[in-house]
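K.L.:
Would you mind keeping the following structure in view while I ask a few things?
The values are calculated or read from the model by the stated rules, or taken from the named source; none is laboratory data. Note that the structure is predicted; figures quoted are calculated from it, not measured. All Cβ positions, even for glycine, are placed from backbone atoms using ideal geometry, and neighbour counts span all protein chains on display. Protein only, heavy atoms only, side chains kept; ligands, DNA and RNA dropped before computing areas. Shrake-Rupley method; radii C 1.70, N 1.55, O 1.52, S 1.80 Å.
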Amino acid sequence: MEKRKGLWTYENGLVLMMFIVFGLVFFERLNILYLFPYMAPDLGMNNTQIGMTVGVLGIAWGISTMVFSSLSDFIGSKKGMLIVFILIFAVATFLGGLVGSLGSLLLVRAFMGAAEGPVVPLIQSIVAAESTPRRRGFNMGLIQSASNLFGSALAPVIAIGLATALSWRSAFYVTAVPAFLMALVLMKFLR
């Protein structure tokens with residue numbers, strides 16, 4: 001994509017790609033909340049264990065954000081790191097459908113948190129660097145809005161629909177696909 005006037009500029013394409021990726025991060029982070037009623041009986045989980053599952057992701061996310069965001073500044077390869085972490089969180093989402101116990105679920109969710117943590121700051125730094133000064137705030141706000149649109153509005157409908165129609169395991173498998181696709185899109189179009 002080249003920089004040119006009109007709707008299909010590199011900046012607009014970048015914002016669209018990052019909007020989708022940002023949304024997918026929060027979709028994947030929150031879809032488990034909507035799948036717990038289906039998962040808990042199969043895995044024999046109580047409410048405390050469900051809370052632990054959410055907490056371990058948050059801890060891994062926070063640590064990973066600090067470590068890998070700093071590392072990306074040091075290395076200078078934001079595109080490469082972003083694509084790798086998107087692929088890793090897609091794998092972690094897929095693995096969510098394979099878990100058979102609380103222990104394996106905690107490991108998968110920690111893995112997912114570690115992979116998703118740096119995605120948000122990498123997206124923010126890429127968009128800030130590529131945005132024109134007059135659009136920087138708008139672009140950042142638009143991308144941020146994807147977290148609620150995907151995580152709070154779409155995830156419950158899609159995750160519950162897939163769990164009801166197929167199974168909770170299939171919901172993880174199916175929802176991993178868009179992240180894999182976006183990694184391929186970014187490989188091709190992200191500068």
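K.L.:
I want to confirm something. Restricting to the range 110-136 and keeping residues that are touching a Ser or Thr at 6+ places or on another chain (Cβ under 6 Å) and open to solvent by 10 Å² or more (accessible area, probe 1.4 Å), which single residue is farthest from residue 43 (Cα to Cα)?
P.N.:
Checking each candidate, the answer is 121.
K.L.:
I'm checking my understanding of the structure. Among residues of the range 144-191 that are in contact (Cβ under 8 Å) with a residue 24 or more places away in the chain, outside any helix (DSSP H, G or I) and not charged (D, E, K, R), which one is farthest from residue 82 (Cα to Cα)?
P.N.:
167
K.L.:
Let me ask something additional. Among the residues of the range 113-150 satisfying the criterion of being in contact with a Leu (Cβ under 6 Å, 6 or more places away or on another chain) and modelled with pLDDT of 95 or more, which is nearest to residue 60 (Cα to Cα)? Break it down into steps so the answer makes sense when it comes.
P.N.:
First, the residues of the range 113-150 that are in contact with a Leu (Cβ under 6 Å, 6 or more places away or on another chain): 113, 122, 130.
Subset that is modelled with pLDDT of 95 or more: 113, 122.
Working: 113: 5, 122: 17 Å.
Among them, the one singled out is 113.
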